[in-house]
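The values are calculated or read from the model by the stated rules, or taken from the named source; none is laboratory data. Computed from a prediction, not measured in an experiment: that's the story for all the values here. Neighbour counts are summed over all protein chains in view; Cβ atoms, including those assigned to glycine, are modelled from backbone coordinates with ideal geometry.
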Ligand SMILES: [Fe+2]
Ligand SMILES: [Fe+2]
């Protein structure tokens with residue numbers, strides 16, 4: 001389509017059309033190049049319409065000429081009266097076009113009104129220069145066309161020194177769960193293969209000491225009580241393993257009490273309930289029976305077997321409802337909800353609970369948080385599922401060798417004055433834990449058990 005056709009089609013002046021075309025070309029250089037490749041005739045070949053144009057923007061100026069008297073860049077600059085101290089030539093494009101012209105050159109000799117000699121030369125070619133100059137304003141601070149981003153010119157700033165961190169009313173507490181203490185016993189040698197992970201338990205004790213905890217919650221299933229159930233197949237290797245589990249359980253609780261000085265709560269879990277259930281089913285006469293010298297606990301009960309009173313360890317009875325609180329907001333329970341899949345138990349509990357919960361039982365490390373809205377305020381409900389301290393490679397009865405279990409502990413700092421808290425899970429990752437900028441390496445404490453009870457094949 002020629003400029004004349006476009007002019008007729010849109011009813012616009014040629015100059016407006018060409019000016020608009022130039023502006024489009026400037027604003028869409030990539031599309032223009034693509035179009036140009038598609039149709040090389042857009043700019044080359046056909047000669048553009050003659051004329052002189054001066055298109056001046058805020059910071060840019062484009063001058064353009066096809067004119068018989070403008071043959072070079074200097075001619076156009078002079079014609080448009082461009083001050084080169086103000087404008088700087090960014091780019092120049094000069095092209096030549098040839099176009100046939102109408103002319104007639106007669107060299108004729110007349111005699112008596114008749115041509116007797118000579119010739120008539122018709123037609124010719126005229127050469128045009130197309131000169132295109134793009135200029136940019138020389139000023140150092142060109143007018144902003146769009147809003148500009150300036151570096152901050154900062155005033156003098158004053159920072160108040162932070163308030164002193166106040167920890168006077170902060171209690172530091174540690175939770176661990178599900179060590180499932182118990183054994184398989186080699187029927188020939190009597191060697192005891194533990195379900196619990198002594199290296200992970202050692203990390204619990206090390207970190208409890210390093211963190212200076214004031215309170216420890218042992219969140220249930222501390223002992224597995226493998227023999228105290230009829231629900232599962234009793235392997236011969238379980239025979240006679242409850243006694244060493246009780247001894248080692250006592251040993252570890254005593255270590256915690258003596259090394260940390262912390263208050264310790266031991267929760268009844270579903271495995272501890274096995275003792276009660278077994279007695280009710282098979283020895284109802286022995287259920288709740290106490291010895292004459294200790295009427296506080298039944299003779300066959302976890303607190304009595306582990307000697308909790310002597311250790312100064314509190315027994316949190318009544319699974320699954322037995323609970324203990326830290327401040328007004330954090331509730332500890334063993335837990336009785338299990339959902340398949342990572343994070344799903346914590347999510348399910350968070351959806352149902354109106355208070356922050358710390359539970360074990362699932363043998364996974366999970367967290368979920370929900371915001372509970374009241375009329376004019378809100379509060380966070382957090383659910384922390386604490387991982388286990390039993391072995392996670394298939395030793396625990398009923399487990400496969402590739403369970404989705406994790407070993408972890410949880411440290412909670414609770415401000416009793418403001419009822420705010422933070423919870424830091426610490427992964428017990430194959431005998432190594434990283435916490436508070438330190439690396440802890442767990443140790444197997446079996447030698448200490450051998451010294452304490454040398455008759456058992458630990
Ligand atoms: Fe458990
Ligand atoms: Fe459990």
Residues located in the range 193-205, provided they are over 30 Å from the mean Cα position of the chain (by Cα) and either modelled with pLDDT under 95 or away from ligand 1 (no atom under 16 Å from the Cβ) (or both): 193, 198, 199, 202, 205
Residue, nearest to residue 388 (Cα to Cα), within the range 214-230, restricted to residues that are away from ligand 1 (no atom under 14 Å from the Cβ) and surrounded by fewer than 23 Cβ atoms within 10 Å (Cβ to Cβ): 215
Lone unmet requirement of (1) in a helix (DSSP H, G or I); (2) within 16 Å of ligand 1 (Cβ to nearest atom) for residue 255: (2)
Residues being touching a strand residue (DSSP E or B) at 6+ places or on another chain (Cβ under 7 Å) and either assigned to a strand (DSSP E or B) or more than 16 Å from ligand 2 (Cβ to nearest atom) (or both) - total across the range 261-274: 6
Residue 345 in contact (Cβ under 8 Å) with a residue 24 or more places away in the chain, touching a strand residue (DSSP E or B) at 6+ places or on another chain (Cβ under 8 Å), more than 30 Å from residue 444 (Cα to Cα) and within 15 Å of ligand 1 (Cβ to nearest atom): yes
Matching residues in the range 365-396 - criterion: being more than 13 Å from residue 345 (Cβ to Cβ), more than 11 Å from ligand 1 (Cβ to nearest atom) and assigned to a loop (DSSP other than H, G, I, E, B): 374, 375, 376, 377, 391, 392, 393, 394, 395
Some residue of the range 77-86 being surrounded by 15 or more Cβ atoms within 10 Å (Cβ to Cβ) and outside any loop (DSSP other than H, G, I, E, B): yes
From 303, 284, residue being away from ligand 2 (no atom under 16 Å from the Cβ), touching a residue at least 12 places away in the same chain (Cβ under 8 Å) and in the same structural domain as residue 208 (by TED's automatic domain parsing): 303
